[in-house]
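Trainee: What follows is a structure written as structure tokens; I'll ask about it next.
The values are calculated or read from the model by the stated rules, or taken from the named source; none is laboratory data. These numbers come from a predicted model, not from an experiment. Virtual Cβ from ideal backbone geometry, glycine too; neighbours counted across all protein chains shown.
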Amino acid sequence: MNPFVAWLSRLSVYASTPAIWGIFLAGAAIYLIANWRVRFLALLVQYLFIGVIFERIFDSRPELAFLKILVGWLVGGAVFLSARIREENHPEAQEHRLHWGANVPFRILSLLMMVVAAYLASQRYALPFIPPDLAPVCFVLGGLAILFMGTEEKDTAVVGVGMLNLLAALDIFYSVQDPSLVVTGMLVMVNLLVGLVISYLTVAEVVE
């Protein structure tokens with residue numbers, strides 16, 4: 001077995017609360033810190049924790065969870081390179097220094113409200129076939145997607161990360177119900193296509 005896959009299997013014991021908090025904190029870093037180098041690292045960490053969740057879903061085939069991580073890192077790398085190209089062609093928008101995003105108090109309040117709403121929704125509205133300890137991750141990813149797409153509409157790359165978070169939530173939801181190779185392959189292709197579209201739209205800002 002691949003050493004990374006074996007290590008991922010050992011992490012599956014943390015596939016409930018610790019992994020969900022890891023996904024949330026990584027998303028919070030993307031939302032609060034306006035620097036694409038930090039955002040890229042946070043996205044890699046987020047996909048690592050998403051892979052831990054998938055290892056719980058594909059408990060008999062951990063290599064599929066490893067595939068989800070690789071696809072996420074590939075898409076994240078493409079988005080990061082596109083953001084770099086945009087910055088290099090728009091000197092006024094370059095982000096060499098680490099700094100906070102605009103309206104930090106509002107963003108922090110939004111994150112706190114989102115995580116509380118996600119927790120309450122997971123307690124009140126049961127998702128079919130999803131274990132109760134994994135249900136909050138779908139709501140957290142969906143909430144992060146709404147925040148990214150609702151408050152970062154001028155940054156195509158961040159909106160794209162929101163789309164990726166939404167796809168991850170849907171991926172978890174459908175994979176629990178049907179963990180077949182066909183469904184997994186289709187969802188992987190959708191993620192790759194969405195990543196390609198995000199990268200294209202981000203680079204297209206250079207032409208504009």
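Trainee: Does Gly160 fit the bill of being under 16 Å from the mean Cα position of the chain (by Cα) and free of Cβ contacts under 8 Å to residues at least 40 places away in the same chain?
Mentor: no
Trainee: Which one is nearest to the chain's Cα centre (by Cα), of the residues in the range 86-119 that are closer than 21 Å to Leu164 by Cα and at pLDDT below 80?
Mentor: Gly101
Trainee: Sticking with this one: Tell me which residues, restricted to the range 124-152, are β-branched (Val, Ile, Thr) and in a helix (DSSP H, G or I). So that I can check it myself, show each step before the final result.
Mentor: Let us first name the residues in the range 124-152 that are β-branched (Val, Ile, Thr), namely 130, 137, 140, 146, 151.
Selection gives Val137, Val140, Ile146, Thr151.
Trainee: Scan the range 160-170 and tell me whether some residue there is farther than 17 Å from Ala42 by Cβ, of a type in the set (A, V, I, L, M, F, W, C), crowded, with 23+ Cβ neighbours inside 10 Å and at pLDDT 85 or above.
Mentor: No, the conditions are met nowhere in the range 160-170.
Trainee: In the range 126-159, which residues are of a type in the set (Asp, Glu) and either at pLDDT 80 or above or touching a helix residue (DSSP H, G or I) at 6+ places or on another chain (Cβ under 6 Å) (or both)?
Mentor: Scanning the range 126-159 gives a single hit, Glu152.
Trainee: Among the residues of the range 168-208, write down those that are of a type in the set (Gly, Ala, Ser), farther than 22 Å from Ile53 by Cα and either under 20 Å from the mean Cα position of the chain (by Cα) or assigned to a loop (DSSP other than H, G, I, E, B) (or both). Can you show your working first?
Mentor: So in the range 168-208, the residues of a type in the set (Gly, Ala, Ser) come out as 168-169, 175, 180, 185, 195, 199, 204.
If we keep only those that are farther than 22 Å from Ile53 by Cα too, we end up with 199, 204.
Across the range 168-208, the qualifying residue is only Ser199.
Trainee: Among the candidates Asp155, Asp178, which residue alone is over 16 Å from Tyr47 (Cβ atoms), surrounded by 15 or more Cβ atoms within 10 Å (Cβ to Cβ) and free of Cβ contacts under 8 Å to residues at least 12 places away in the same chain?
Mentor: Asp155
Trainee: Filter the range 171-208 down to the residues that are β-branched (Val, Ile, Thr), in contact with a helix residue (DSSP H, G or I) (Cβ under 7 Å, 6 or more places away or on another chain) and modelled with pLDDT of 85 or more, then identify the one that is farthest from Ala78 (Cα to Cα).
Mentor: First, pick out the residues of the range 171-208 that are β-branched (Val, Ile, Thr): 172, 176, 182-184, 188, 190, 194, 197-198, 202-203, 206-207.
Filter once more, keeping what is in contact with a helix residue (DSSP H, G or I) (Cβ under 7 Å, 6 or more places away or on another chain): 172, 176, 183-184, 188, 190, 194, 198, 202-203, 206.
If we keep only those that are modelled with pLDDT of 85 or more too, we end up with 172, 188, 190, 194, 198.
On the way: Ile172: 22, Val188: 15, Val190: 15, Val194: 11, Ile198: 9 Å.
The selected residue is Ile172.
Trainee: What number of residues in the range 29-40 are assigned to a helix (DSSP H, G or I) and either surrounded by 22 or more Cβ atoms within 10 Å (Cβ to Cβ) or at pLDDT below 90 (or both)?
Mentor: Residues of the range 29-40 that are assigned to a helix (DSSP H, G or I), as a first pass: 29-32, 36-40.
With either surrounded by 22 or more Cβ atoms within 10 Å (Cβ to Cβ) or at pLDDT below 90 (or both) added as a condition, the list becomes 30-32, 36-40.
Looking only at that region, the number is 8.
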